Amino acid sequence: MTDQTMAPDAELDCKGLLCPLPVYRTAQAMGRLKAGEVLRVECTDPGSLADFPAFARQRGYTLLSAQDGDGVQVFLLRKEPAR
Amino acid sequence: MYGSAVTVPPGVLRRTDAGLEPDHTRRRYRDVRELIANTRNPTPLVRLNRVVAPATEAYLKLEWMNPFGSVKDRTARYLLEGMRARGELDGRELVEPTSGNTGIALAALAALDGLRLTVTIPSGVPEEKLVLLRMLGATVMPTPDELCPVDHPRDGAIALARAIAESPAHAGRYAMPNQYANPDNVRAHYETTGPEIWEQTEGAVRAFVAGYGTCGTLTGVGRFLKERDPSIRIVAVEPQPGHRLPGLKNLEEARAPAILDRSVIDDVIRVDDGPAYAMTLRLFREEGLIVGPSTGAVAHAVLALEGEREGPIVGISPDGGMKYASYYAELVKDGSEGERP
């Protein structure tokens, strides 16, 4: 499930955007997802490595994976069903 | 500022020491921007008569008499004039963090100049301001406080605007006036608000009260008045952490603006939301002043100075009360109108 190669339900390109713009865009994109769906986000601001875990925790999203390589950070976030 | 082809009707301009100026005695204008206050057309000082003791000479300076409704009209005008002079507006869009009033003034001026404006807004700004901004054509980005978990919690809107302006992906498409750090914000008040107060009180002003916000008013007016007379007391009003007073800042939970010059400030008076809103209600009912909640905070601090100084105390009334109906509904929900028909 946490494999970076899994097919996400939506993708967001935040490359070249400074924090907190990627988190802002991600919050909007997550709002458009249905429960259980997964969003893949690509960023280039290293600050996102700190921002995304905190953001997911605050919003109750599951951060399935966070990878950093070649100056690009890739996050997989899942919207959980409302409890 | 205006096309040379415009025919000027007689009586609209008058010759002054500063050249041709709008004739403020007739109050007939070629353009709404001519209404933005300056020493030839100052915002009114109105004396408080009922919420203070009769012996106290205290005034509010009604900044909401500016054409776009707040003290920020001065700031927005100076910010844009400075950017235009430096060539920073050429082909760019504007982005600015604002709790509303700067955004409204910038949006109106941007619309008149054909510029696009995006504003990032902290949470808790009244719906009325968001609607006004959208009416003026601005793109509005409400910014949740938790957006910047590692930064100051109340500064998310500032961080977001900076990210929009500086992101490599946007390749210099945006210019940020940055009222918190731009010296033109201070200059607006050093060149207009400060001299107005000095002239309107004929140099007799003994104390000046304004809120911590962008700190343009405090720094600009404070600096001007201190240069005229260092014994004039400059008083800053600071809300409590977690306050509900739009436009004001608590400097523990928000970063102190770069343009704040603490050397001109003599005292800081802390005001709770409760007394600020209670004073706002008194200003409505006892003084006939339809003001925003930050004016209540300023007036509360003015009362705290009563009896300490001989001579006029001047407080800033940053904006009017029309934009805060959704906040004020809470104050009057018990129906103090009574049971009469």
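The values are calculated or read from the model by the stated rules, or taken from the named source; none is laboratory data. Quick caveat: nothing in here was measured; it's all calculated off a predicted structure. Cβ coordinates were reconstructed from backbone atoms using ideal geometry, including for glycine residues, and neighbour counts include every protein chain displayed. Remember, those area values only see protein heavy atoms, side chains included, never the ligands or the DNA or RNA. Shrake-Rupley method; radii C 1.70, N 1.55, O 1.52, S 1.80 Å.
For this structure, a couple of remarks:
- Among (1) within 14 Å of another protein chain (Cβ to nearest Cβ); (2) touching a Cys at 6+ places or on another chain (Cβ under 9 Å) - the single one B:Val186 does not satisfy: (1)
- Of the strands (runs of 3 or more DSSP E) lying entirely inside the stretch B:89-146, those containing at least 2 residues that are of a type in the set (Ser, Thr, Tyr) are B:117-122, B:139-143.
- Residue in the stretch B:69-85 that is surrounded by fewer than 17 Cβ atoms within 10 Å (Cβ to Cβ), in contact (Cβ under 8 Å) with a residue 12 or more places away in the chain and assigned to a loop (DSSP other than H, G, I, E, B) present: no
- Scanning the stretch A:48-83 for residues that are of a type in the set (A, V, I, L, M, F, W, C) and within 14 Å of another protein chain (Cβ to nearest Cβ) yields A:Leu49, A:Ala50, A:Phe52, A:Ala54, A:Phe55, A:Ala56, A:Leu63, A:Val72.
- Subset of the stretch B:153-191 (residues that are within 22 Å of the chain's Cα centre (by Cα) and part of a loop (DSSP other than H, G, I, E, B)): B:Met176, B:Pro177, B:Asn178, B:Gln179, B:Tyr180, B:Ala181, B:Asn182
- Of the residues making up the stretch A:4-35, those that are away from chain B (no Cβ under 14 Å), open to solvent by 40 Å² or more (accessible area, probe 1.4 Å) and in contact (Cβ under 8 Å) with a residue 24 or more places away in the chain number 5.
- The stretch B:192-222, subset among the β-branched types (Val, Ile, Thr) and either within 20 Å of B:Ala254 (Cα to Cα) or not in a loop (DSSP other than H, G, I, E, B) (or both), residue farthest from the chain's Cα centre (by Cα): B:Ile197
- Matching residues, the stretch B:32-62, being in contact (Cβ under 8 Å) with a residue 40 or more places away in the chain and charged (D, E, K, R): B:Arg33, B:Arg50, B:Glu57, B:Lys61
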